Amino acid sequence: MPSPAVTIQPAKSSRKLSAYLDWLQMLSGAALIIFMWSHLCLVSSVIISPAVMNAIAWFFEVTGFVYLIGPGIFLVFLLHFVLAARKIPFATAQQTAMWDNAKRMRHQDTWLWIVQAGTAMVILIMGAAHMWVVLTDLPITAAKSAARIQGGSWLVFYLVLLPMVEMHVGIGFYRIAVKWGFLTRSNRKGFHAKENMLTIILIGIGLVTLVRFLFLTIQ
């Protein structure tokens, strides 16, 4: 007679550590969401006037904030990826199983997680490249940003990175609200629709900002 199956529960200390890491992942993700939305607002100030963007960049330069925030965000960016990578299937068999389950269940939040994981891979590489280029060419000015957009393939680079970031951030904001109980099943659909609209608006602002840089006269 076969012996009954025994479910091995993870040690209490292991579960506690996992909970702490989940909290740290959520906090780092929330910090990056706030930063990305703030970053878009600050950069898009060039739409009003290059002088406005330069004034904001000058403030962060003279106060030294840029030398703290820049490297700090980069470290939070790497930390968040490492924490999130605990749950991303890297093996081919795991990816196939996840894909098959998503198609079979047709569950919206499962598809959102797949999109979030996929955009994370793109952002890891492209986001790191963007931060490296900006942080190694301080101070930030509208003219420098415009020159980068108008030269080489950087316009295409940002046309790819922009929607990737905004989709990832939008889905992350929604998933944080769901996972930590800020949303219930009754108001989840309405919140998600509003979040989708916000993501579209932010992508639109980003595109207008790129166009402004593209046609900005560099002196």
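The values are calculated or read from the model by the stated rules, or taken from the named source; none is laboratory data. Predicted model only: the values in this text are computed from it and were never measured. Keep in mind that these areas ignore ligands, DNA and RNA; they rest on the heavy atoms of the full protein, side chains included. Shrake-Rupley method; radii C 1.70, N 1.55, O 1.52, S 1.80 Å.
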How much length, in nm to one decimal, is gained on full extension between Leu68 and Ile48, taken as 0.36 nm per residue of separation minus their Cα-Cα distance? 4.5 nm
Mean accessible surface per residue for the stretch 119-197, computed with a 1.4 Å probe while every protein chain stays in place, in Å²: 53 Å²
